[in-house]
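Just below is one structure, and these are the notes that go with it.
Every number in this text was worked out from the coordinates using simple rules, so none of it is lab data. Everything numeric here is computed off the predicted structure, so don't read it as measured data. FYI the Cβ positions are ideal-geometry reconstructions off the backbone, even for glycines, and counts take in every protein chain you see.
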Ligand code: PRX
């Protein structure tokens, strides 16, 4: 009964307890994501069912059943306990999309610690900022990535253990520990008795100012993740599901681990670089039925054209969904034409933990719209000046949500003031301590949109300077801080520049220190400097040299001005410009 009915019916009869029903979870059972995704599925008699079909470079394949997930994650959990890790402590997962990443994630949660997955392409500086902020105690990594950890370990007082889970153990340093997942199958492990509020997953997300913030989730997030997976991704018992996101980002954990596995669904992972042909081959070989991806990938597939699609048998596909950036109507229409299925858009954020605005099977789709609020989600558009909810369709304002949905983030690590500032609607002194449950408030997303007369939401753009490149948020402040560490650079500003495939790419404006002149060599050097320190995503695609950067009277660089020029938009009110 829970997986059927029109949008309106589901909304009318909504109650988050439906998630428990969908999962077959009874009051009194432990609420622990690690166990829910492995032990519970085995207890339902599905231990021999495939959980993970993994493929790496060169077509190398490995398959794991839910029972494998159970005993191997027990192994990770036991290993961490033996190391002396306590519940609540942070364990970073810093590796490519290898099986160890998925299994360790469950193991960390099973023993009560917090899983902190970080994108393996991060350079040492991106890694350092996030490990330092979280006081991370243990890091799981691989031979390929351990060098970046070595570079920064002396500056991380809380980091006690570096564990290498793949690669040649003979080449490790004395203090580094080698752990081979396959050699440590543990039949019995007593799961940590977490509850909805027990910290589970920690994802860092970039804002406009300051370094990235750690959005902390709790084990109760599984209700939101499982129900949206069931209704929006429409996953059913026999599906073969593919989420293309990396668990270093929230889509890769909420819907690339927790959603499908809590429902006992088989999923595939492709851990090799993107080519349209490789993706189609993967779908064909694995008979993928449900595919969750991102607009950048869809635009790349579009670019490679329909003739390529025709070379593969993609007839197994029955449902496609997208997240991360605006999904243009053209992409929806193209996918319907070439795959016979439209990509359905979903809107959400690291902070929301699960989908908020959705299109799902049975709903009328309006190409270009993000859809309607998921049943159980109260959404609104707040006036840009007053923060009052607007009532007139078509009015552009800030997308906001009433707090209290199960997968809402519970804090920004060590930044209570910034957490508080994300909620509006009550006088400051009336702000309750438990913001996340106060339904008189609005959680403000930082994005602009409007709704139409039918209640469909239409994305307009971000309300801040955060750069969205290929569905990944990159903070301008992070890039600027790294740039000014370069010997040639005096001042820097980073903005998003329009890009056909990635929506935005990073463009930077710099002023040079005396003695340095613009040159091709310098440009390459700066690009590599950022790629290595931060990540390939943060690497500027264009560098513009400037004598002087526009600033406010208080000395703040006006990215807004540079961005408006770049996008050919109205520059707006410049009354605070230094030289006006
Ligand atoms: O700006 C919105 C954009 O991605 C941001 C959230 O990024 P992150 O926290 O990294 O999480 C990404 C995956 C959930 C949003 O604030 N965004 C996400 N989905 C959409 C979107 N923009 C337009 N349309 C979407 N469907």
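Would you please state which residues of the range 192-223 a label at residue 417 would reach in this model, taking the label point 7 Å out along Cα→Cβ and a backbone N cut-off of under 20 Å? Counting backbone N atoms under 20 Å from the label point, the list is 205-216.
Gyration tensor analysis over the Cα atoms of the range 78-209 returns equivalent ellipsoid semi-axes of 21, 20, 13 Å (largest first, whole Å). Applying 1/(1 + (r/R0)^6) with R0 = 41 Å to the Cβ-Cβ distance of residue 567 and residue 172, what FRET efficiency is obtained, to the nearest 0.05? Between residue 567 and residue 172 the formula returns 0.25.
I need the Debye-formula profile for the range 495-536: one equal scatterer per C-alpha, no solvent, reported as log10 I(q)/I(0) at q = 0.25, 0.31 1/Å, two decimals. Here the Debye-derived log intensity ratios amount to -1.02, -1.11. When every Cα-Cα distance of the range 300-388 is counted in 10 angstrom steps from zero, the calculated P(r) takes the values 15, 41, 29, 11, 4, 0 percent.
Per-residue ellipticity at 222 nm from helix content only, as computed over the chain with -39500 (n - 2.57) for each DSSP H run of at least four residues, stands at -7500 deg cm²/dmol.
The spacing between the range 224-241 and the range 306-349, judged by their C-alpha centroids, is 17 Å. If R0 is 25 Å, what FRET efficiency do you get for residue 21 and residue 284 from their C-beta distance, rounded to 0.05? According to the calculation, E is roughly 0.10. Cβ crowding within 10 Å, taken as a proxy for footprinting-reagent exposure, orders 186, 222, 265 from fewest neighbours to most as 186, 265, 222. Between the alpha-carbon centres of the range 82-119 and the range 262-288 there is a gap of 24 Å. Between residue 9 and residue 183, the modelled label-to-label distance comes to 5.6 nm, taking each label 7 Å out from Cα in the direction of the beta carbon. Among beta bridges from DSSP that stay inside the range 467-567, the antiparallel ones total about 80%.
Taking the DSSP beta bridges with both ends in the range 7-358, the antiparallel portion is around 25 percent. Sorting 184, 66, 529 from the fewest to the most surrounding beta carbons within 10 angstrom yields 184, 529, 66. Modelled label positions at residue 392 and residue 195, each set 7 Å beyond Cα in the direction of Cβ, lie 4.7 nm from each other. The protection proxy used here, the mean number of other Cβ atoms lying within 10 Å of each residue, ranks peptides 200-209, 415-424 as follows, highest first: 200-209, 415-424.
Just need the relative contact order of the chain here, percent rounded to a whole number, with Cα pairs under 8 Å and 6+ apart. Once normalised by length, the contact order is 12 percent. Counting beta carbons within 10 Å around each of 50, 147, 20 and listing the fewest first gives the order 147, 50, 20.
Sort the chain into rounded, prolate or oblate with this rule: let a ≥ b ≥ c be the square roots of the eigenvalues of the Cα gyration tensor; rounded if a/c is under 1.5, and if a/c is not under 1.5, prolate when a/b is larger than b/c, oblate otherwise. Rounded shape, in that the Cα axes give a/c under 1.5. A simple packing score, the average count of other Cβ atoms within 10 Å per residue, orders the peptides 232-243, 130-141, 52-63 as 130-141, 232-243, 52-63, with the highest score first. Using alpha carbon centroids, what distance separates the range 492-553 and the range 146-213, in Å? Between the Cα centre of the range 492-553 and that of the range 146-213, the gap is 32 Å.
Based on the Cβ-Cβ distance from residue 132 to residue 341, what FRET efficiency comes out when R0 is 51 Å, to the nearest 0.05? Computed FRET efficiency for residue 132 and residue 341 comes out at 0.70.
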